Amino acid sequence: MSSAPPTPEAILQLGTAFWASKTLLSAVELGLFTELAAAGPLDAEELRGKLGLHERSARDFFDALVALGMLERENGRYGNTAETDLFLDRNKPSYQGGLLEMLNARLFGFWNSLTEGLRTGAPQNEAKTGGGNLFEAIYSDPGLLRGFARAMTASSIGPAQAIAAVFPWERYKTVIDIGCAEGCVPVQVALAHPHMGGGGFDLAPVEPLFNDYVGAAGLGDRLRFHTGDFFADELPRADVLVMGRILHDWDMAEKRLLLEKAHAALPAGGALIVYESIIDDDRRENAFGLLMSLNMLIETPGGFDYTGADCQGWMKDVGFTETSVQHLGGPTSMVVGIK
């Protein structure tokens with residue numbers, strides 16, 4: 001019996017996927033899900049008025065979100081789904097929209113130059129127009145930095161909770177998150193393990209964001225901010241160091257330097273946790289990790305994502321004696337090195 005003939009359906013769905021993506025990103029930008037969370041279900045005209053939309057395509061916009069599974073519609077009234085109510089209402093601590101806001105404000109446009117990046121190997125972000133590198137652009141703009149830090153928290157909360165749950169913290173007393181942003185990981189570890197202390201390490205402009213986030217969690221007495229540049233300065237000492245979505249920003253020489261610095265800062269038996277969208281060793285399954293590596297092409301001069309086997313090899317090269325890889329959920333895994 002012959003197989004069904006090929007169809008272009010999957011190709012067309014993938015080729016037009018940006019339509020759906022931008023529809024969701026615009027809805028987040030407009031605060032649509034936050035409005036519905038506050039007001040409850042609204043009819044098309046009420047919702048259009050609250051968002052300040054032109055009448056021409058507002059209904060198509062709302063119904064597209066229904067078809068995409070982002071809204072519900074009953075008796076002509078639109079409401080959030082359980083997921084969008086929980087994760088896309090800006091007034092809830094579970095808000096995940098910070099990452100989507102950053103994607104919309106920065107990356108959506110930059111990805112239009114992917115072909116140029118593939119041909120030149122050069123970043124396609126602010127650096128392309130003389131705006132400095134990614135981190136210079138972000139850290140020099142307080143508003144952009146706050147949005148970036150919130151986006152990092154939104155994308156890290158799941159992995160942070162998994163790390164707090166699965167890593168053997170009973171063997172350790174202190175943890176420092178290198179490139180900590182708001183401090184999501186040490187906060188989750190400290191909440192789950194009352195014996196743990198430590199904090200975060202990042203550039204000076206991040207300190208007030210870290211202190212606000214840690215203070216809101218009631219952990220200011222156990223977690224503190226360490227100011228520094230992880231290329232120019234020694235890393236703070238702790239039993240466990242964490243690098244979340246750090247290594248993929250840098251080229252191979254810079255990756256190795258950071259791993260060497262982490263190894264030097266740890267005591268015997270100490271641990272380094274690296275978590276990213278780790279690419280599967282066969283490079284066939286974790287499409288998100290591979291696309292994230294293309295995003296590093298867009299954003300950085302030399303950054304790239306990598307497999308678990310890659311990272312384990314680099315860790316052993318700089319002196320870690322034991323290494324392991326553990327899946328944390330979704331596209332994210334952690335690689336652990338023991339000194």
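The values are calculated or read from the model by the stated rules, or taken from the named source; none is laboratory data. Only a predicted model underlies this, so the values are computations on that prediction, with no experimental measurement involved. Don't worry about glycine lacking a Cβ; one is built from the backbone with ideal geometry, like all the others, and counts go over all protein chains shown. Just the protein is used for accessible areas: all its heavy atoms, side chains included, with ligands, DNA and RNA removed. Shrake-Rupley method; radii C 1.70, N 1.55, O 1.52, S 1.80 Å.
Measure off, as a whole percent, the carbon and sulfur share of the 1.4 Å-probe accessible area of the chain, all protein chains present. Don't jump to the answer; show the numbers that get you there.
On the way: 9150 of 16750 Å².
Roughly 55 percent of what the probe reaches on the chain is carbon or sulfur.
Find out how many positive minus negative residues lie around residue 267, taking Lys and Arg as positive, Asp and Glu as negative, among other residues whose Cβ is under 15 Å from that of residue 267. Don't jump to the answer; show the numbers that get you there.
Details: positive: 171, 173, 237, 261, 339; negative: 234, 239, 322.
Result for the neighbourhood of residue 267: +2.
Which value, in debye to the nearest 20, gives the size of the charge dipole of the chain about its Cα centre, when Lys and Arg are +1 and Asp and Glu are -1 at the Cβ?
Approximately 220 debye in magnitude.
Compute from the Cα atoms of the range 196-339 the Rg and the Dmax, the latter being the longest Cα-Cα distance, and quote both in angstrom.
15.5, 45
Spin-label point model (7 Å from Cα, Cβ direction): what's the residue 294 to residue 136 distance in nm?
It is 2.8 nm.
Multiply the residue separation of residue 173 and residue 7 by 0.36 nm, subtract the distance between their alpha-carbon atoms, and state the gained length in nm to one decimal. Walk me through the numbers on the way to the answer.
Details: separation 166, 0.36 × 166 = 59.76 nm, distance 5.71 nm.
Length gained between residue 173 and residue 7: 54.0 nm.
Mind checking the range 41-112 for trypsin sites (Lys or Arg not before Pro) that DSSP puts in a loop (not H, G, I, E or B) and that have at most 16 other Cβ atoms within 10 Å? Don't skip to the answer; put the middle values down first.
On the way: sites: 48, 50, 56, 59, 73, 77, 90, 106; in loops: 56, 90.
Sites meeting the loop and neighbour criteria: 56, 90.
Tell me, what is the Rg over Rh of the range 237-297, with Rh the Kirkwood radius over Cα pairs? Numbers along the way, then the final one.
Values: Rg = 13.3 Å, Rh = 12.8 Å.
Using only Cα positions, Rg/Rh for the range 237-297 is 1.04.
Compare the Cα positions of 278, 87, 17 along the charge dipole of the chain (+1 at Cβ of Lys, Arg; -1 at Cβ of Asp, Glu; about the Cα centre) and return the one farthest towards the positive end.
Most positive-ward Cα: 278.
If you build the convex hull over the alpha carbons only and average its shadow over all orientations, what do you get for the range 140-182? Give it in nm² to one decimal. Walk me through the numbers on the way to the answer.
Values: hull surface 14.3 nm².
The orientation-averaged projected area of the Cα hull of the range 140-182 comes to 3.6 nm².
Do any GluC sites (Glu not before Pro) in the range 275-306 lie in a loop, going by DSSP, with at most 14 other beta-carbon atoms within 10 Å of their beta carbon, and if so which? Display every interim value, and only then the final one.
Numbers: sites: 276, 285, 299; in loops: 285.
Taking the range 275-306 and a limit of 14 other Cβ atoms within 10 Å, the loop GluC sites (Glu not before Pro) found are 285.
Report the gain in length on full extension from residue 73 to residue 207: 0.36 nm times residue separation, minus Cα-Cα distance, nm rounded to one decimal. Could you put the intermediate results ahead of the total?
Numbers: separation 134, 0.36 × 134 = 48.24 nm, distance 4.34 nm.
Gain in length upon complete extension: 43.9 nm.
Hey, got the Cα dimensions of the range 60-114 along the principal axes, in Å, largest first?
Here the Cα extents, ordered largest to smallest, are 43, 29, 12 Å.
Between 0 and 90 degrees, rounded to the nearest ten: what's the tilt of helix 308-318 against the longest Cα principal axis of the chain?
Taking the Cα atoms of the chain, the angle to 308-318 is about 30 degrees.
Relative to the compact globular guide of 2.2 N^0.38 Å, what is the alpha carbon radius of gyration of the range 1-151, as a ratio?
Compactness ratio reported: 1.28.
Can you give the percent of C-alpha pairs in the range 182-250 whose distance is more than 21 Å?
Tail of P(r) above 21 Å: 21 percent of Cα pairs.
Using only the alpha-carbon atoms, how far is helix 58-67 inclined from the longest principal axis of the chain? Give it as 0 to 90 degrees, nearest 10.
60
So with the 1.4 Å probe, I'd like the accessible area per residue for the chain, rounded to whole Å². Walk me through the numbers on the way to the answer.
On the way: 16750 Å² over 339 residues.
Per-residue accessible area for the chain comes out at 49 Å².
If I take all pairs of Cα atoms in the range 288-336, what percentage of them are more than 17 Å from each other? Spell out each step's value before the answer.
Details: 518 of 1176 pairs.
The calculated P(r) of the range 288-336 puts 44 percent of pairs beyond 17 Å.
State, to one decimal in nm, how far the label point of residue 119 lies from the label point of residue 18, with both points 7 Å from Cα in the Cβ direction.
Taking the simple label geometry, residue 119 and residue 18 are separated by 1.6 nm.
Hey, could you get me the Stokes-Einstein D for the chain, Kirkwood radius over alpha-carbon pairs, 20 °C and 1.002 mPa s, rounded to whole µm² s⁻¹? Mind showing how you got there, number by number?
On the way: Rh = 21.7 Å.
Using the Kirkwood radius from Cα pairs, D works out to 99 µm²/s.
Taking a virtual spin label 7 Å from the Cα of residue 237 along the C-beta vector, which residues in the range 316-339 bring their backbone nitrogen under 18 Å of it?
Flagged as within label range: 339.
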